[in-house]
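Presented below is the structure to which this report refers.
The values are calculated or read from the model by the stated rules, or taken from the named source; none is laboratory data. None of the values given here were measured: they were computed from a predicted structure. As a convention, Cβ positions derive from the backbone with ideal geometry for all residues, glycine included, and neighbour counts pool all protein chains shown. For the accessible areas, the whole protein counts, side chains as well, though only heavy atoms, and no ligand, DNA or RNA atoms are used. Shrake-Rupley method; radii C 1.70, N 1.55, O 1.52, S 1.80 Å.
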Amino acid sequence: VLQFLGKTECHFINGTEKVRYVQRYIYNRFEYAMFDSDVGRYEGFTPFGECNARHWNSDPDWMEKTRTAVDWLCRHNYRVFAPFSVERR
């Protein structure tokens, strides 16, 4: 059984002052590539992941969309995420 998983995470630090967007690509329980908004580009962890990261990093439109996901995805949906992630006790 082979499994592919694309995972998107928003990490809120001190409300919306510091927001980190992370996108992970996993195949067979092994992460092969990821995007971190703090780094600002894709990184590959396997030969296949490095090839994909080079391709994604070379596309300016794709990178602009991915880099701005902190605003249009994370900060925009903060009111939805906050009760489950920030205000939990």
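The fraction of accessible area contributed by carbon and sulfur in the chain is 53 percent, rounded to a whole number (1.4 Å probe; ligands and nucleic acids excluded). Adding -39500 (n - 2.57) for every DSSP H run of four residues or longer, then dividing by how many residues the chain holds, sets the calculated 222 nm ellipticity at -8500 deg cm²/dmol. Per-residue Karplus couplings for region 59-66, computed as 6.51 cos²θ - 1.76 cosθ + 1.60 with θ equal to phi - 60°, are listed in order as 9, x, 5, 4, 5, 5, 4, 5 Hz, Gly and Pro entered as x. Between the entries (1) 1.05; (2) 0.93; (3) 1.03, the label attached to Rg/Rh (Cα atoms, Kirkwood Rh) calculated for this structure is (3).
Averaging the Cα positions of each part gives two centres, and for region 1-50 and region 61-77 these lie 14 Å apart. At a probe radius of 1.4 angstrom, the accessible area of the chain per residue rounds to 72 square angstrom. Count Lys and Arg as plus one, Asp and Glu as minus one, and take only other residues whose Cβ is under 14 Å from that of HIS11; the net charge is then +1. When peptides 55-68, 33-46, 13-26 are ranked by their average number of other Cβ atoms within 10 Å per residue, the highest-first order is 33-46, 13-26, 55-68.
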